[in-house]
Amino acid sequence: MRLEIPIGEHVIVLETGKLARQAGGAVLTRLEDTIVLATATRSVVPRRGVDFLPLSVDVEERMASAGKIPGGFIKREGRPSERAILTSRLTDRPLRPLFPKDYHYEIQVIGTVLGADQETPYDTVSMVGASAALALSDIPFDAPIGAVRVGRRPDGGFVLNPTYSQLAESDLDLVVAGTKEAITMVEAGANEVPEEVMVEGMLFAHEAVRAQAEAIEGWAAEYGKKKQEVFVDSEQDSLFLADLRERYLERVKDAIISPDRRGRHQTLDQLRAELTEEREPEEAEQIQAAISVLEKEAFRKLYLEDGKRTDLRALDEVRPTTAEVGIIPRVHGTGLFTRGETQVLTELALADLGLAQRLDTIEPQTLKRYMHHYNFPPYSTGETGRVGAPRRREIGHGALAERALVPVVPSEEVFPYAMRLVSDVLESNGSSSMASVCGSTLALMDGGVPIKAPVAGIAMGLVKEGNSYVILTDIQGLEDHLGDMDFKVAGTRDGITALQMDMKITGVSAELLREALAQAKKGRLEILETMRETISGPRTEVSEYAPRVEVLSIPTEKIGLLIGPGGKTINAMQEQFGVNISVEDDGTVYVAGTNGASVKEAAAAITGMTKDVEAGEIYTGKVVKTTNFGAFVELVPGRDGLLHISRLAPGRQRVERVEDVVSEGDRIKVRVLEIDKQKRISLEKVED
C-alpha cells in the first residue's frame, strides 16, 4: 500500500505491507532519495509498577545508506551519532503527549536510515514515518502528526523541506511538528531572525503539517489495524480523590507557594507522610498519586484564578540574575551565570584547527570547529545519581545551546581557532539550557573570541484552560513540569538565534505565540543588560595561556616540500620551534603554539621555505657542506647555494681555509647574488 503526499516542490512517499511485516506497524518513508524504515511495536502485557509512559524512540543510522564505511578499527556502527540522538528526541517530543493517560504498555519506535542522498535531511522523514507506523499499528494513539522543515530564500520567501545546499544559504532552519489541529513541537536555528518572521514560518509550516496528518489519518483508517482498547476504572478513584480534594486542596495550594524549591518539596513531603502514616501500601500509593493530582489542580487555580506564581514573582519577571567572568585561572575563558536557583559554569578551551572535531556520519558535514558540551550532575538538584557518559537530554541541551551561538561565532578566517565550551550545571531549578547559553556567551567574550553579538536565552511557560491563559517568563522546574508549554528562546538584541517549543495542549493561536515571543524578548533584553554590565564585549586579546595561531598560504605544489618524506620536515620544524603545524589541501597552513615568538619564527621559516628563491633575497641558512673552494648553504629544504671562499669575509678579504670562518651545522645569514640558467645559486655572506 502506498501513499503520496505533495509537500511544496517535493512529494513524501509512504509504503507499507512489504517490509518488517511482524512489527506492530511498519512504513518505508521516502523524500527524494532519503529513505527511512519506521516501525512501531508494543509489548504484549503492560509494564507493572510504573507511573509513566514507557516509550522509547531510537534512530539507527546505516553508514551504507550514504555509501560509506564506518571509521575506526571495528568498521561497524557503534553508539548513535549526535544527529541520530537529536533526531530520536525530535521524534519523541511531539509523539509522547498523544498516548492515553495511564497507558503502561512498552512502546518501541525505531527509525532505520536506509538511504541518505546527501541532499535531503532525514530527521523530518523519520518523524513522519514514525507517526504513520503508529497510526497503522494497534497502539492507542490520539492522532497522527506531520513534520516539515522550513528554510528561507535570500528574497525572504519560505521553502518547505529545503536541501542542505538551500539551508546553507538560509537564515532560518525551522522544524515544525503537529497534529491537524495545532503545532505541538518546534525546533529552530536562525541568524538573528525577527520574532514576526519566526511566527510566519511556523504558520506556513503548519499548513503542510496539517496536510500530512490528514493524509496519514485517512490512510490508517483504510489500512491500519484495529486499535487496542484501554479500560480505566476511575469511579472509585474519583470518589477517593474528591474527598481528598475537599479536605486538602487549599493546604496543597499553600504548600506550593514558596520562593525556595527545597522548602516547597519539604512541605509537600510532610503532607504525604502525614496522610500515608499507618496506611496499607496500596492505599498509601493511592494517596501519593492523589496528592500529585491535587498539586497540579492547586497550581492551575493559583495561576489562572489568583494570577500568582509559586515563587511570588510577577508573570513577566525574571529571577534575580548575576554574571561573572574570569573566575578560573589559566582557563582560556570562563563564565558563571546564576538565575534564581539555576547556576551554570562554562569554560572555554581554544586550540589550533587541527583539533577540530572530525565527524564520521551519514551527513555531508565532516568537520566541526565550534563545540558545546553540557553536563547535568545529580548534585545540581541536591540528589545522588549516575555519573558517566552524557544522556540524551544532556546531548540535546548542549546542541540547543551550541545552535544558539553558531550564528555569532567568527569564521576561521577571522579567528583561526577550534573552540570547545563545557557548561556544567551547578544548580538547577528550570531553564538550565538557556543559562548555559548565557554562560557560554560570557566565556567566549572573556576568552577574547570576537563574537558578532552577545546571546542570551530564556525559557517561557504557559498555563491555559479554555480562553483563559497566562504566559510565564523564566519558568522554574515546577512551572515546566505542571505547565502547558516549554518555550525556550535564545537570541541577540536584534533577533532569534535558536528556539525550541514543546506543547502539552492543542489550540495555541498565532496571537498567543506572538505574545509569548514578545514577552520572551523583553526578558532576553533584560538578561543581556545584566551580562553587558559584567563584560561589555569580547576582550581584545585571547588569554595569555591560549595558543597563538598564525595563518599563511603556500602554493599547493609546495605542500609536499613542507611535509617532507614521511612527515620528516614538518615534524622536525614542530620539534624545533615547539609548535603545531596543520596543512590544508588548499595550501592554508596553521601554526599554533603557546609561545607567540616561536609561532612567528616558525611561520617565517615556512614562508621562507616555500617561496621561490630570488636574487637579492637574504636568508638565514644552514651550512651543510664545506669544501676547499667554499661552503654549501641550505636556504630552504632542497635548495642549496654556494658561498664561495672569496665571499666569506667582509670586503672580500682573503680567507685561507673555509673552516676558519664556518663549519658544517652553522646557521649564517647570506644574500642570493645570482641564479644561473642551470638554477645554480651563488651567495655572499651578510654580517649580522
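Every number here is computed from the coordinates shown, using simple stated rules; none is lab data. Note that the structure is a prediction, hence the values are computed from the model and not measured. Note that we place each Cβ from the backbone using ideal geometry, even for glycine, and neighbour counts take in every protein chain shown.
Report, in deg cm²/dmol and to the nearest 500, the calculated mean residue ellipticity at 222 nm for the chain, where each DSSP H run with n ≥ 4 adds -39500 (n - 2.57) and the sum is divided by the residue count.
Taking each H run of at least 4 residues, the total per residue is -10000 deg cm²/dmol.
What's log10 of I(q)/I(0) for segment 2-223 at q = 0.14 Å⁻¹, Debye sum over Cα points only, no solvent?
The Debye formula, applied to the Cα set alone, gives -0.85.
Provide the three semi-axes, in whole Å and in decreasing order, of the ellipsoid equivalent to the chain as defined by the square roots of 5 times the Cα gyration tensor eigenvalues.
Each semi-axis is the square root of five times an eigenvalue, giving 62, 31, 22 Å.
Going by a ≥ b ≥ c, the root eigenvalues of the Cα gyration tensor, does segment 1-96 fall in the rounded group (a/c under 1.5), the prolate group (a/b larger than b/c) or the oblate group?
Since a/c reaches 1.5 but b/c is at least a/b, the shape of segment 1-96 is classed as oblate.
How high is the FRET efficiency from D254 to R514, r the C-beta distance, R0 22 Å, rounded to 0.05?
0.05
Which order do peptides 181-192, 434-445, 239-250, 141-152 fall in by mean Cβ count within 10 Å, highest first?
In descending order of packing, they fall as 434-445, 141-152, 181-192, 239-250.
Rounded to the nearest 10 degrees, what's the angle between the helix 392-405 long axis and the longest principal axis of the chain, both from Cα atoms, 0 to 90?
60 degrees
How far is helix 568-577 tilted, in degrees, relative to the longest principal axis of the Cα atoms in the chain, given as a value from 0 to 90 rounded to the nearest 10?
Approximately 90 degrees, to the nearest ten.
Could you list the residues of segment 202-232 with an amide nitrogen less than 18 Å from a label point located 7 Å from the Cα of R21 in the Cα-to-C-beta direction?
The answer is 223-226.
Normalise the Cα radius of gyration of segment 367-433 by 2.2 N^0.38 Å (N = residues in it) and let me know the number.
Ratio of Rg to 2.2 N^0.38 Å for segment 367-433: 1.28.
If one computes the Cα centroid of segment 480-553 and of segment 385-458, what distance in Å separates the two points?
11 Å
Let me have the relative contact order for the chain, percent, based on Cα pairs under 8 Å that are six or more residues apart.
It comes to 10 percent, rounded to a whole number.
Order of D138, D640, D260 from fewest to most other C-beta atoms within 10 Å?
Placing the least packed residue first, the sequence is D260, D138, D640.
Please order Y590, Y370 by the number of other Cβ within 10 Å, starting at the fewest.
In increasing order of surrounding Cβ atoms, one gets Y370, Y590.
Quick one: go through segment 108-138 and flag any residue whose amide nitrogen is under 17 Å from the point 7 Å out along the Cα-to-Cβ line of M1.
Counting backbone N atoms under 17 Å from the label point, the list is 129-138.
What nm value, rounded to one decimal, do you get for the distance between D612 and E277 when each label is placed 7 Å out toward the C-beta?
Result: 9.6 nm between the two label points.
In percent, how large is the relative contact order of segment 548-610, given Cα pairs closer than 8 Å and 6 or more residues apart?
Averaging sequence separation for qualifying contacts and normalising by length gives 44 percent for segment 548-610.
At a Förster distance of 51 Å, what's the computed FRET efficiency of D585 paired with R330, Cβ-Cβ distance as r, to 0.05?
Approximately 0.90, to the nearest 0.05.
Excluding residues fewer than 8 places away in the same chain, name every one of the aspartates and glutamates whose C-alpha is closer than 19 Å to that of K522.
E192, E195, E196, D316, E317, D474, D486, D494, E511, E533
So the label point goes 7 Å from the Cα of E297 along Cα→C-beta, right? Which residues of segment 268-285 then have their backbone N under 17 Å from it?
Once the point is set 7 Å along Cα→Cβ of E297, 272, 275 turn out to lie under 17 Å by backbone N, inside segment 268-285.
Relative to the first principal axis of the alpha-carbon coordinates of the chain, what is the inclination of helix 82-95, with its axis defined by its Cα atoms, in degrees from 0 to 90 and to the nearest 10?
Its long axis makes an angle of about 20 degrees.
Could you list L400, L53 so that the one with the fewest beta carbons within 10 Å of its beta carbon is first and the one with the most is last?
Fewest-to-most Cβ neighbours within 10 Å comes out as L53, L400.
Pop the C-beta distance of R680 and A604 into the FRET formula with R0 = 25 Å and round what comes out to the nearest 0.05.
0.45
Take the alpha carbon atoms of segment 606-651, find their center, do the same for segment 299-328, and report the distance between the two centers in whole angstrom.
Distance between centres, Cα-based: 73 Å.
Placing +1 at every Lys and Arg Cβ and -1 at every Asp and Glu Cβ, with all other atoms neutral, what dipole size does segment 548-610 have around its Cα centre, in debye to the nearest 20?
With only Lys, Arg, Asp and Glu charged at Cβ, the dipole is about 180 debye.
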